[in-house]
Structure formats: structure tokens, C-alpha cells
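Rule-based calculations on the coordinates, nothing more; no lab input. What you see is a predicted model; the values in this text were computed from it and never measured. We place every Cβ from the backbone using ideal geometry, glycine too, and count neighbours over all the protein chains shown.
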Amino acid sequence: MTKSDAGPVDTRQLEISVIVPVCNESRNMQALLKRLVPVLELCAASFEILFVDDGSTDDTLGLLRAAHAADPRILALSLSRNFGKEIAITAGIDHVRGAATIIMDADLQHPPELIETFVARWREGYKNVFAQRIDPNTYSPLRRLLTQRFYKLFGSVGETRLPEGAGDFRLLDSQAVAALRTMREHARFSKGLYAWIGFKSIGVPFDVEARLHGVSKFSYRKLTHLALDGLMSFSTLPLKVWSYIGLATSLLGLTLASFYLIRTLIFGVDVPGFASLIVSITFFAGIQLLSLGIIGEYIGRIFAEVKRRPLYLIEERVGVDPLAADDPMTRPRSG
Ligand code: UDP
Ligand code: MG
């Protein structure tokens, strides 16, 4: 990496690192940097902005190379394909060097100006400073409703509490970053992980702005997948609930059996009952398949984890050194 007048580069310890996952965000890049860099210059002694190019098919990577050439504080990792935002953030987490790390979206829905407050809270001693949405009107009513339902469900079955309105936009102390590096799960639900690691946390309220250019990359299918990953990574209730349903239905079966036995003893054999038979067979076959399906969902995730594939592959590093550890692709950097 070359030194330049633009700022402190490659010092052993930077003060602030910013991770920005990007997927086809070339149209937002300029505007983002224009707002982000001054904020960082104002509130950080030294900083780096690490873009993680998540398999963009537009000019994003070219713009990142140019941005790095103009300002070496801007760095980029380009993943070999689209791995999804959660994994892109993980790649960033593995490579940042700051005493504190900020994670934010590239579409300016996360106002860079909030970083000042993040840093102030961090200097007060908070290690997990998260932005809390107060104005949810930027997304469609259906997405808002489903999100709300998901958080309610997660609240009742999840084994970790999620703070309301908290997303990826946050500041993490290097201690929290180190904790996240130890978590190598493939089915990632980072909002759950941020809550799981704990540390002294505080929320900073903010209004989500509208996306500057382009449309959201999260279709309802992707969001459903993320929601399932979240529920299944942080709850085993869907697995356990079948023991109770099984117990309840067997008790019901036993009660019915005794009822029919006594009735037959008193009134003799009674042939009709075809309809109720079919109904109960179909109903219980359905329940059994459903429970098998849920077990299958967990087994599928276990399978993905035991294969121990790397979480991501890096195709190009723009100003970012390979990790010192033996596995250059994915090992978290030590210390
Ligand atoms: N993103 C990514 N990989 C993906 C999808 C999204 O890196 O597969 C990035 C995207 O470029 C943006 C951030 O994640 O910087 C948030 O994405 P988006 O705005 O589409 O999500 P939403 O605001 O709808 O939650
Ligand atoms: Mg967005």
C-alpha cells in the first residue's frame, strides 16, 4: 500500500473502520463517499472504509479501484460471487483493523452523520452501539407487517433478545469484532449474533432514509430465507414442540380408543365412521410430514455447517493485505 497525503494509512492500529457491503451500488458510491468521508475526517483520528463487493455485475469494482487510487483510506475486497449481505459483512469483519468498526449500507438509507453519535457513545465506553429505526415508513406496508410479525415471533421463541428496530447499522468495539470473528456459521443472522455477543450496548434512534438509487436487493423470498435462518439459528423450539404435539395427540388417541372400546362393549360393532377415519389419517399424516420437514430444515443447516466450506472466497483485494493466519481466505485475524 502506498502512503499519500490523503491520510494515515496502514498504521498498526486505526481508530475507525467502516464496512460497507455493496452489490451493484455504482450509482450510490459517489454520493455515499461524499457524505461519509467528511464525517469520518471530523470525528476519527484515522480511518479506513472497507467496501466488500458482493459479486456486483455493474461497475462497482471499477469505481472502488479508482476510489482507492484517489484515496488510499478507501479499500475493497471483491468476493468471487454474490454470497449475500450477511456473508459480505463477515468478510469485512475478518479484515478490519480499527479500534472500532462501523457497519452500514451503501444506499444512504443509513445516514453517515449518525456516525458522530456512534463514536461519541463508543468513547463513553459503549462497545455495541446500534442505530434504532424510529420511522419505518420507507418500506412497503407488507414488508413492515411481516418484519413486525417476525420480530414478535423471534421475541417469543428466540433464545436471544433482539432490541427493537436495530439492524446492521452500528458501531462495534474491536472486542466485539473479535467475538464475531470466532463465529463461523454459514446460516448467518447477524442481528442475532450482534445481540448474542452482548457487551455494553446502547441504541441511537434514527430515521431510515429512502434508498438513493436502485431498488432493494431483498426480495420476499430472500427475506423469508433470512427469517428462517434467524429463527433456526436462535431457537430449537420448532424441533422440540413436536414432542408436545405428539404427546397431546397420543393422549387424544388413547382417550378415543377407550371411548370406542367401551361403546363397542355396550352397543356392539358399529361399521360407519369412514369419514372420520379418512379425516384423521390425512390430518395426522400432514402433521407428521410437517414435523419431518422442520427436522429436515435443521438437518439441512447442520449439513451446510459440517461441510466446513469457507464462508466466502476473495477474488481481488484492493489495498487489503491477506490475513496473517494459515488459511488466507477465511481465518479470522488473530489479536
Ligand atoms: N447487499 C449485498 N449483497 C446482497 C444484497 C445487498 O452486499 O446480496 C448490500 C447492498 O449493496 C446494500 C446493503 O447490502 O449496501 C443493503 O441492501 P438493500 O438496500 O438492498 O437492503 P434493504 O435496505 O432493502 O434491507
Ligand atoms: Mg437499502
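Observations on the structure shown:
- Euclidean distance between Cα centres, segment 117-169 to segment 22-97, Å: 23 Å
- Student exercise, the chain dipole from Lys, Arg, Asp, Glu Cβ charges, in Debye to nearest 20: 780 debye
- If R0 is taken as 30 Å, the Cβ-Cβ distance between D321 and T57 corresponds to a FRET efficiency of 0.65.
- Remark on the chain: Rg and Dmax equal 25.4, 99 Å (Cα only).
- Given charges at beta-carbon only (K, R positive; D, E negative), |dipole| of segment 16-165 in Debye: 380 debye
- GNM remark for the chain: springs join alpha carbons under 10 Å apart, and the peak mean-square fluctuation among A248, A106, A66 falls on A248.
- Dipole axis of the chain (+1 Lys, Arg; -1 Asp, Glu on Cβ), positive-most option in I278, Q148, G165: I278
- Theoretical FRET efficiency, 1/(1+(r/R0)^6), r = Cβ-Cβ of L254 and Y298, R0 41 Å, to 0.05: 0.90
- Between L289, L256, L108, the Gaussian network model of the chain with springs among Cα atoms under 10 angstrom shows the greatest mean-square fluctuation at L256.
- Taking the DSSP beta bridges with both ends in the chain, the antiparallel portion is around 35 percent.
- Rounded to the nearest 500, the helix-only mean residue ellipticity at 222 nm of the chain stands at -16000 deg cm²/dmol, with each DSSP H run of n ≥ 4 adding -39,500 (n - 2.57).
- Other-chain or far-sequence residues with amide H under 5 Å of I19's (modelled H): L50, I102, I103, M104
- Residues F206, F274, F130 arranged by fewest to most Cβ contacts within 10 Å: F274, F206, F130
- Here segment 87-190 is treated with +1 on each Lys and Arg Cβ and -1 on each Asp and Glu Cβ, and its dipole about the Cα centre works out to around 300 debye.
- Volume per residue of the C-alpha convex hull in segment 106-246, rounded to whole Å³: 126 Å³
- The value obtained for segment 36-98, namely the Cα convex hull volume divided by the number of residues, is 93 Å³ per residue.
- Selection from H225, I202, T57 lying farthest towards where the dipole of the chain points positive, charges on Cβ: H225
- Candidates F47, P72, V215 compared by Cα position along the dipole of the chain: farthest toward the positive end lies V215, with charges placed on Cβ.
- Residues whose amide H falls under 5 Å from that of I74, counting only those 5 or more places apart or on a different chain, are I49, with hydrogens built in the peptide plane.
- Ordering of 187-196, 158-167 by packing [mean C-beta count within 10 Å, highest first]: 187-196, 158-167
- For peptides 215-221, 261-267, sequence by mean Cβ density within 10 Å, most packed first: 215-221, 261-267
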